[in-house]
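One structure is given below, encoded as structure tokens.
The values are calculated or read from the model by the stated rules, or taken from the named source; none is laboratory data. This structure is a prediction, so every number in the text was calculated from the model and none was measured. Cβ placement follows ideal geometry from the backbone for every residue including glycine, while neighbour counts extend to all protein chains displayed. Heads up: the accessible areas ignore ligands, DNA and RNA and are worked out on the full protein's heavy atoms, side chains in. Shrake-Rupley method; radii C 1.70, N 1.55, O 1.52, S 1.80 Å.
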Amino acid sequence: MTIPTKARATMRIIATLLLTLLSVTAAVSQTTATTTALPLRLRVASYNIHHGEGLDRKTDFARLAATLDGLNADVIAVQEVDSMTSRTAQTYALGTMARLMAYHDIYGPAIDFQGGKYGVGILSRHRPLRVTQHELPGSRERRTLLVAEYADFVFACTHLSLDEEERMRSLPIIISTAESYDKPFIVAGDWNARPQSAFIKALTEMFQVCTDTATPTFPADKPTACLDYIAVYKRQGEARRSGKADSQWAPYRPYVGEAAVVCSSTVVQETAASDHRPVAAELILPTPTDRLMTTPPYLQLATPTSVDVMFQTNSVCHCWIEYGTDTLSLRRKRTLLDGQEVCFDTDNTIRLDSLAPATRYYYRVCATELLMKRSYENHFGGDTLRTQFYSFTTPSDRGGDFTCVIFNDLHENKAAYDRLRQLISGIDYDFVVFNGDCLPEPSSRSHALSMIHSLTDPIGGACKPSIFLRGNHEIRNFYSAGMHHLIGYYGGKTYCALTWGDTRIVMLDCGEDKPDSTSVYAGLNDFDQLRRDQLSFITSELKSKAFRRAHHHVLISHIPVFGNTDSYRPCTSLWGPVLSKAPFDIAIGAHTHKAAFHPDGADGCPYPVMIGGGPSPSKATAIVLRSHNGKLTMQVLSDNKEASRTYECR
């Protein structure tokens, strides 16, 4: 069914009023909202509306509003717009159309006319942050450049002079205005210039024209001339190859610096509403380089010869790591999967391997935005982002000293974490273990990342490797299984054994603290099988050369295998008989929220058991393990004096 234009306009007015009445607060909160996904995709349009009069000599703003609304644009440049003139019956034309479309209106008068104003305007889905106007040359008719700044881009509208010399004098003003912003700058309008003109040729040196200049836009009924344009400022200059053409990297240097990727460009077949036809373009705009990565990397899965650098970019990027034993002689590493570079996601992992043990390395993350990737077409953004240099030291493969800090049960308690970091200030640790319930109940990727960075960033996670051991609260909530994508697990398992210095550290995942049959788990868990799998792992590990050769042995689990106060203790019954006979120097647990030390063991275990406290600042603990000169010591730091202690393992 086709709805008449005036009926559609009435329906839009009613809908707008209802939305205004019902959602005043929501409307206010959305006024500065922008698309959060990067790179920014925008649909942009421009229309000279001939003061509202169509080729049929009818002045019909509802018809124009319907045409503009049909463009489905995020922002629209409008020219030849009257405000309160006699020929439009004292109508504020831009506001009338904006109300019918539920858009924001920004008016830029150029001249006084018929008791009102005449000029240009901008219609946009979101309210701009600020608006400015700049006078342009115009001897017969004053001209103006109307500029609206939004959170992620700047949009300008102008209707240029009929005189070529005045258009040429307008260009430096437009360029200067574009240069004054550090965001993508788009300008659109009726420029009264044909594609072959000196003005358009000069403009294209600094701007990328994004409309189809081969399709005429004027007059609307039988167009013969292209006068209407949309263009983006070339902030990076002309597209160019990135980086140096050295022998190692020459084949992989993409062209960068495109002002925009034009996904589509259209001259709309509207022949009656005005004397011009509307133009529209769907654009992908490059992200400013300093916004490509706004959180530091964090190190995972450290071994004597390798480490994983994990990091998030705000847009999909072509990424690599530059690294070396100094900052001058650098190698490069990227992630390849079966011959393809992994560049389809904003979560990135690059493994640096073939490293020398016990060696200090420097590295930085490099990223070039991938604006579009198609079968035979790739487009890249601006300059390459290069982070500051970070450094790390690989573990020794021949014993040696180390210091490790263990946190547990933080439960997003910032005050507790801040206090524990104060207590460990001055300790030069080699790595950090988060022993469960430090990333509790992740509801989404963004929530998970927020928690990860809230932990790794303050402890220098870009330089000090961290290990996340699952607790029962990490297993809960919607994104819990997604944590594997954001955290490094040795061997791809949530349990592992690793050697650091002269010590073999066995870390176990105890699963949930209630049976799998518990109704709230909805039959989605099978931790009984996970525990059986780990029993096989434990048996094999205790027989391994790495375990037998180690001078010290440490057992870590979130839910204590020994000393657990829960009534449900499947790990104690399943693993206890094997682990109690193993030569561990100490077992470290958590979970109970009450610090406890069993120097003579617990539950049939003959070696000491330390259970960390938490999660309040007064009860939280930081456990420091040190291996020095062949001796292993444990230090517990806490505002809970009963928990604080130092113990030398025998």
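Observations
- Per-residue Karplus couplings for segment 633-640, computed as 6.51 cos²θ - 1.76 cosθ + 1.60 with θ equal to phi - 60°, are listed in order as 10, 10, 10, 9, 10, 6, 6, 7 Hz, Gly and Pro entered as x.
- Using a probe of 1.4 angstrom and keeping all protein chains present, the accessible surface of the chain works out to 43 square angstrom per residue.
- For segment 286-347, radius of gyration divided by Kirkwood radius, i.e. Rg to Rh on alpha-carbons: 0.98
- In the list [x] 33.6, 107; [y] 35.0, 105; [z] 32.5, 99, the label attached to Rg and Dmax of the Cα atoms in Å as derived from the coordinates here is [z].
- Prolate/oblate/rounded call for segment 378-451, Cα gyration tensor, a/c under 1.5 rounded: oblate
- Counting only Cβ charges, +1 for Lys and Arg and -1 for Asp and Glu, the dipole size of segment 43-132 around its Cα centre is about 200 debye.
- The Kirkwood hydrodynamic radius of segment 318-366, based on inverse pair distances between different Cα atoms, is 11.8 Å.
- Estimated from the Cβ-Cβ distance and a Förster radius of 60 angstrom, the FRET efficiency linking SER618 and SER264 is about 0.50.
- Distances between placed amide hydrogens fall under 5 Å for THR85 paired with GLN90, THR91, LYS117, all partners being 5 or more residues away or on another chain.
- Protein accessible area in segment 559-650, 1.4 Å probe - carbon and sulfur %: 51
- In Hz, Karplus ³J(HN,Hα) per residue of segment 414-421 (6.51, -1.76, 1.60; θ = phi - 60°; x = Gly, Pro): 4, 4, 5, 5, 4, 5, 5, 5
- Packing-based order for 148-156, 74-82, 353-361, using average beta carbon neighbours within 10 Å, highest first: 74-82, 148-156, 353-361
- Segments 329-342, 542-555 sorted - mean Cβ within 10 Å per residue, highest first: 542-555, 329-342
- Whole-percent carbon and sulfur share, accessible surface of segment 53-125, 1.4 Å: 46
- All lysines inside 17 Å of LYS201 as judged from Cα atoms, apart from same-chain residues fewer than 8 positions distant: LYS234
- Ranked by the mean number of other Cβ atoms within 10 Å per residue, highest first, peptides 364-374, 126-136 order as 364-374, 126-136.
- Volume per residue that the Cα convex hull of segment 78-151 spans, once the total is divided by residue count, Å³: 78
- Backbone amide hydrogens, once placed in the peptide plane, bring GLY400 within less than 5 Å of ASP502, excluding anything fewer than 5 places away on its chain.
- Of all lysines in the structure, the ones whose alpha carbon falls short of 16 Å from that of LYS581, not counting any fewer than 8 places away in one chain, are LYS543.
- Principal semi-axes in Å for segment 357-486 [√(5λ), Cα gyration tensor, largest first]: 30, 24, 14
- Cα gyration tensor, segment 557-650 - rounded (a/c under 1.5), prolate or oblate: oblate
- Amide H contacts under 5 Å for MET293: ASN314, restricted to partners 5 or more places along the chain or on a different chain, H placed in the peptide plane at 1.01 Å from N.
- Note on segment 413-482: with neighbouring protein chains present and a 1.4 Å probe, carbon and sulfur make up 52 percent of its accessible heavy-atom surface.
- Note, ³J(HN,Hα) from phi for segment 199-213, Karplus 6.51, -1.76, 1.60, rounded to Hz, x at Gly and Pro: 5, 5, 5, 5, 5, 5, 5, 10, 10, 9, 6, 10, 9, 7, 6
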